[in-house]
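The values are calculated or read from the model by the stated rules, or taken from the named source; none is laboratory data. The shown structure was predicted, so the numbers you read here are calculated from the model rather than taken from an experiment. Using ideal geometry, Cβ is built from the backbone for each residue, glycine included, and neighbour counts are taken over all protein chains shown.
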Amino acid sequence: MKLPSVSTTFKPIYKALIEGIDLPDFWCRTDGINYYLFFANPKSKNLKLPLSYGQSLSNETFSIPIKVTVNKIQTPYELKFKPYQSLMIKVDNKGKIEKVDIEYIPPTPGVTINK
């Protein structure tokens, strides 16, 4: 207990990179200067096989507020998922966030109803 790094209570040293409620799956990479964060479309969460043809049909836009913390700088940001889209953002070491264009618009899927 006499050592400076020993305590009776837990106190996090770092803030989470991403904070939010019901976050989609994501990953982060860095080039040493910028952080690149990819967020999967929320509809892809917990997918189970086999997939049904037309299961991806979507007309909804989802918004998820998040907070990104880089170098102890916390920046709020709104993830806006258009139908079929995942997102990528670039965060510099000063916390500035920029959207990276990864948009791909697939043909509208048909829907098959299993009987």
Among the residues listed as 64, 33, 21, the single one being within 17 Å of residue 90 (Cβ to Cβ) and not charged (D, E, K, R): 33
On the given criteria, is residue 87 over 16 Å from the mean Cα position of the chain (by Cα) and either surrounded by 11 or more Cβ atoms within 10 Å (Cβ to Cβ) or not basic (Lys, Arg) (or both)? no
Can we say residue 49 is under 30 Å from residue 108 (Cβ atoms), in contact (Cβ under 8 Å) with a residue 24 or more places away in the chain and either in a strand (DSSP E or B) or of a type outside the set (Ser, Thr, Tyr) (or both)? no
For the range 1-26 the number of residues that are surrounded by 10 or more Cβ atoms within 10 Å (Cβ to Cβ) and of a type outside the set (A, V, I, L, M) is 6
Selection from the range 1-41 of residues of a type in the set (D, E, K, R) and farther than 24 Å from residue 80 by Cβ yields 2, 11, 31
Considering only strands (runs of 3 or more DSSP E) wholly within the range 63-115, the ones with at least 3 residues that are modelled with pLDDT of 95 or more and β-branched (Val, Ile, Thr) are none
Would you point out the residue of the range 1-45, among those that are part of a strand (DSSP E or B) and among the aromatic types (Phe, Trp, Tyr), that is nearest to residue 78 (Cα to Cα)? 39
